[in-house]
Each structure stands twice: as structure tokens, then as C-alpha cells.
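None of the figures in this text is laboratory data; all of them are computed from the coordinates on show. In this text the structure is predicted, and so the values were computed from the model without any measurement. With ideal geometry, Cβ positions are generated from the backbone for all residues, glycine too; neighbour counts draw on all protein chains shown.
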Amino acid sequence: MKAIRVHGYGQPPQLDAVPEPKASRPDDVVVKIGGAGLCRTDLHIIDGWFAEVIPAELPVVPGHENAGWVHAVGPAVEHLAVGDPVICHPNLTCGVCRACRTGDDMRCTTGPNLPGLTCDGGMAGLFKTNARAIVKLAAGAAPAETAALADAGLTAYHAVKKAVPALGQAHSPSLWERVGWAISASSASRQ
């Protein structure tokens, strides 16, 4: 398959032929990419901004904003089927450490495990992730239109989630209000 790869910091990425990823672990999910966003973080990775803090094994496939269709699953994955439209969380976490169990996934003790930086990302035909990092989309969803929400949408949602307790009991927003705020913040961040 073809993949865009970073071979050296400060150098243009290259289009390479690479082996297709396989669902080799029980919770693996391989996604056929339908959309992969390019954000400023990807450009920082290409420029080497994180090289000293989070060393990457080069070459690496960039891309942490990914959506597509399930291509293959490991034997422990029961909630997804080949062909399901999905969006991929941009941080692969364990789900069992204290941080993950309390909803603070960004501080997972196994991390950081960031597609496009510490492992291959989605700027390829196929992307390997884990079942915990997959959100199933509605049937007929267009992955190319949702891929950027994997980062920008989650960032806005996280900010709203943190702000809600500060609002106090005078205003207790519904789930739909929170989703609306997150989408609005995400849209504003893209303009």
C-alpha cells in the first residue's frame, strides 16, 4: 500500500510503498482510511518540534485525525464489523490504569502513544489502532467529513466538559447543548 512517511525532520515527507498493517493483537482494529486530517501538529512533527521530548522512530506515517471503515479486527473485538464507518481517537490508551479509569486518558501510564508521532498514523491506505480508540459512526457517515473532529472536536468537547462544573447549578446544560458547544468551538477553531 502507499503511505506518506517522514524520513527526517525538516525534510518533505515522501510517498512510499509499505506493507499493509495486520490485526495481530486481540484488540487490534485496522481501518481503511476515508479521511485523514492535516493539522498544525503534523507540521510540527515534520519540522521536528517534538523530537527531543517525544522521540519518534523514523520513518513514521503522520496523521492523528483519522476516519474510515473497519477493514479487519482482532479476535477480541466484538462491537465492530468489517465495513462499519468509524472515527479514531488520536491517543491510544490502555483503559485500565488509574488515569484512564478516571477519564483522564491523556495521562495514561502507557503513553504517550500518538499516531503519527510514536506509531504510524493515518496518512496511508490502512491504519492500525485498537478497539478502545474507535468510535463507531452512523451508517452512511462520510469519514472524510468527520476525520478532523478526531482532534479539533475532541479538544473542544474536553474544554466544554471541564467548563460545565464551573457553571454551577444555575445552568445545567443538556448533553445536546454540550455537543453543540463543542461543534461550535471546533468550527471556530478551523476558521
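Once you order the gyration tensor axes a ≥ b ≥ c over the Cα atoms, which shape class does segment 14-63 get: rounded for a/c under 1.5, otherwise prolate or oblate by comparing a/b with b/c? Intermediate results must be reported in sequence, preceding the final value.
Values: a/c = 1.91, a/b = 1.60, b/c = 1.19.
Because a/c hits 1.5 or more and a/b exceeds b/c, segment 14-63 counts as prolate.
Is the shape of segment 42-139 best called rounded, prolate or oblate, per the rule: a/c under 1.5 gives rounded, else a/b larger than b/c gives prolate, else oblate, with a ≥ b ≥ c the square roots of the Cα gyration tensor eigenvalues? Kindly include the intermediate steps, with their values, before the conclusion.
Details: a/c = 2.26, a/b = 1.28, b/c = 1.77.
Here segment 42-139 falls in the oblate category.
One entry in (i) 1.24; (ii) 1.06; (iii) 1.17 is Cα Rg over 2.2 N^0.38 Å calculated from the shown coordinates; its label is (ii).
Between TRP69 and GLU145, the simple spin-label model (points 7 angstrom out along Cα→Cβ) gives 1.7 nm. When you restrict to C-alpha pairs under 8 Å that are six or more residues apart and normalise by the size of the chain, the relative contact order lands at 25 percent.
Restricting to DSSP H runs of at least four residues, report the calculated mean residue ellipticity at 222 nm for the chain, -39500 (n - 2.57) per run over all residues, nearest 500 deg cm²/dmol.
Working: 5 runs with 48 residues, N = 191.
Rounded to the nearest 500, the figure is -7500 deg cm²/dmol.
Net charge dipole, segment 2-109: roughly 60 debye, given to the nearest 20, about the Cα centre with Cβ charges of +1 for Lys and Arg and -1 for Asp and Glu. With 0.36 nm allotted per residue and the present C-alpha distance subtracted, the VAL135-LEU58 stretch has 24.9 nm of extension available.
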